[in-house]
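Since the structure comes first, as structure tokens, the remarks are kept for the end.
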Amino acid sequence: MLKSHSCGELRKEHAGIKVTLAGWVDRRRDHGALIFIDLRDREGIVQVVFNPEITKECHQIASEMRNEYVVKVSGEVALRPPGTENPNLPTGDIEVIVHNTEILNPSKTPPFYINDETEVDENLRLRYRYLDLRRRRMKENLLLRHRVTKFIRDFMDARGFIDVETPILIKSTPEGARDYLVPSRLHPGKFYALPQSPQQLKQLLMVAGLEKYYQIARCFRDEDTRADRQPEFTQLDLEMSYVTEEDILNLIEELFTSMMETVKPELRVKKPFPRLSYTDAMARYGTDKPDLRFGLEIRDLSDIIAQSEFSVFRSAIAEGGVVKGICAPGCGSYTRGQLDELNKLVLNLGAGGLVTVSLGALTGSLSDLTIEMVKSVAAKFLTLDQIKQMAGCSGAKGGDLLLIIAGKEKLVDRVLGELRQEMGHRLELADPDLFVFAFVQDFPLLRWDEEAGRWDSEHHLFTAPWDEDVPLLDSSPEKVRGRHYDVVCNGYEIGGGSIRIHTVELQRKVFGLLGYSDEEMDARFGHMLEAFEYGAPPHGGIALGLDRIVMLLAGEETIREVIAFPKTQGAIDLTFDAPSPVTEEQLAELHLRLREEE
Ligand code: ASP
């Protein structure tokens, strides 16, 4: 190699040895006589010194070096003069006294500084991603991702899973998003679809007798640009034959526990992983992906104030709605301004408004509460007993604040769920070093799609209903529970899967409920239905979002920070400028003509 050592590995014990290094000029300091360069490579930074008294020629070359020049230096590792050590740098005890140097390639002035301190506009970072990735933080993220995938491969291999690649050019694999389509040149008018996930392929691998399959698989979903999504993303996808929910969940619990111990031993994991039903999650946290690092649970106050004089509460309940609230500990002295801000937040989320009840002046137990201590617009319409009951039900004490919302249950749950998250964040209740993974189960199999006026799958159309609920498929589909499970962590959904349907009769029945005619079933899923007729074993699996997992482990806020070449929120690759137009010839070959946009 052009170098004998890496910049970042040199320490005191290397003093006295000769080294050859190559890397980028991170910074140059010209002190007239001496020139210092911080030389950077993948492993870190080391200070190199050009002394004209040792070599005039090298000193001259160094004076021409600029940031991001690629240079090679040879010299001797020396202890830094006492008092000039840099304790912030792992190599800070030493420096390299240069005897020979060469500029391997100059660089234009980069559009931003390659360091972790400078805030750079994300679009500029993505436009010059190859420079952005030179930054330490980004390199560490990619390294972490590598460690995670390496861990996964070893873990799966040790448990008898076989890594099988599945095609990227395939037919529609519906997972609830729009497909990316690829026109066929050889078959005019026909298209491949990129897989939204390898769902059907992995099920076919079970029919094929693989028994335990996994893949670190790329998935493609043409979704609207909302939330933190990418058009293509990566899943740890797996499937097993002859299993129940327990087998899959135990495997995943073991996977995450040992993954964290291996790649992030400094973080804590709550064990065993809590399990909760979908209904419970919605009722207590207002979401099916709760952050369980803190409590602030939602309480139903409807029974307590159903008969109250307060019209906001009374009419919500009279119209079939609910009144629910959470208790924000220690927030009883919130100012008007702070309360207005919370009110604005819930209005933005679609609620009619927020009712706050402050127990600011109470110091003793709830039984000492007087109406004078309570601050709330609702106070004069409620009895002291009602307020005490609400406070008791929410676990409130003196100095606390009740945040209450009235309206339709779905809306109230969702808004309080968001408000809970916001308060947890404001009150710093979510310990960033704690990871609470949990399993959410017992989802309904189907959800009514208002717009389309038909049933849709809560998970996907291959998920099995609970055995005992199968008879309900005809009479009351809304009551049928699916054998579906989600994995959540610190407020994010990080995966989901299910035990699958494996008989053709049941699969046809579910397709039928979802509105497919027999002809449509055969045209779209004929291969699955046919395969199920050749001895399909019972099977189930799960897929975990690798990007999101690495994001959480890295403590990053978006998955773009843990993907080497991500697309923008608007689905554009700024480095390549993709998507981009193609030539008339290319279109003609593909038998395509562009339509004028209306
Ligand atoms: N294919 C599903 C998904 O991508 C996961 C699964 O059911 O295994 O969400």
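Extending 7 Å from Cα along the Cβ direction at HIS99 and again at GLU261 yields two label points whose distance is 4.9 nm. Taken about its Cα centre, the chain carries a charge dipole of roughly 1340 debye when the Cβ of each Lys and Arg holds +1 and the Cβ of each Asp and Glu holds -1.
Pairs with C-alpha atoms separated by more than 20 Å, drawn from the list LYS375/LYS397; LYS212/LYS271; LYS324/LYS408; LYS410/LYS479; LYS139/LYS567; LYS271/LYS410, are LYS212/LYS271; LYS271/LYS410. Taken along the Cα-to-beta-carbon direction at a fixed 7 Å, the label points for PHE565 and LEU529 span 4.1 nm.
Translational diffusion coefficient of the chain (Stokes-Einstein, Kirkwood radius from Cα pairs, 20 °C, 1.002 mPa s): 74 µm²/s. With 28 Å as the limit on Cα-Cα distance, the pairs of LYS56/LYS108; LYS264/LYS344; LYS12/LYS150; LYS3/LYS108 that go past it are LYS264/LYS344; LYS12/LYS150.
Can you give the net charge of the other residues whose Cβ lies under 10 Å from the Cβ of ASN490, counting K and R as +1 and D and E as -1?
Details: positive: LYS289, ARG293; negative: ASP291, ASP431.
Net of charged neighbours comes to 0.
Using the Cβ-Cβ distance between TYR242 and ARG454 with R0 = 25 Å, the FRET efficiency computed as 1/(1 + (r/R0)^6) comes to roughly 0.15. The modelled label-to-label distance for the pair ASP30/ASP340, using points 7 Å beyond Cα in the direction of Cβ, is 5.6 nm.
Near ILE103, once Lys and Arg are set to +1 and Asp and Glu to -1 for all other residues with Cβ below 9 Å from its Cβ, the sum equals -1. Straight-line reach from LYS171: taking Cα to Cα under 15 Å and skipping same-chain neighbours fewer than 8 places apart, the aspartates and glutamates in range are ASP179, ASP222, GLU520, ASP522.
Taking R0 as 25 Å, what's the FRET efficiency between ASP157 and ASP467 from their Cβ-Cβ distance, rounded to 0.05? Step by step, r from the Cβ atoms, then E = 0.15. Taking 15 Å as the straight-line reach from the Cα of LYS388, the aspartates and glutamates in range (excluding those fewer than 8 positions away in the same chain) are ASP300, ASP303, ASP368, GLU372, ASP400.
Of all beta bridges DSSP finds with both residues in the chain, what is the antiparallel percent, to the nearest 5?
Working: 89 of 98 bridges.
Bridges in the chain are about 90 percent antiparallel.
What length, rounded to one decimal in nm, is gained on full extension from ASP116 through to LEU79, with 0.36 nm per residue of separation minus their alpha-carbon distance? Result: 10.6 nm gained on full extension.
Only protein atoms count toward the accessible area here, which uses a 1.4 Å probe; on the chain, the carbon and sulfur part of that area reaches 51 percent. Annotation: per residue accessible area for segment 364-418 equals 48 Å², rounded to a whole number [probe 1.4 Å, protein chains only]. If you take all other residues with their beta carbon under 12 Å from the beta carbon of ALA15, and give Lys and Arg +1 and Asp and Glu -1, the sum is 0. Based on protein heavy atoms only, segment 1-61 ends up with 54 Å² per residue of surface accessible to a 1.4 Å probe. The figure for VAL312 is an accessible area of roughly 70 square angstrom, using a 1.4 Å probe on the protein chains alone.
The values are calculated or read from the model by the stated rules, or taken from the named source; none is laboratory data. Quantities reported herein were computed from a predicted structural model and do not represent experimental measurements. All Cβ positions, glycine included, derive from the backbone under ideal geometry; neighbour counts span all protein chains shown. Please note that ligands, DNA and RNA were not included when accessible areas were found on the heavy atoms of the full protein model with its side chains. Shrake-Rupley method; radii C 1.70, N 1.55, O 1.52, S 1.80 Å.
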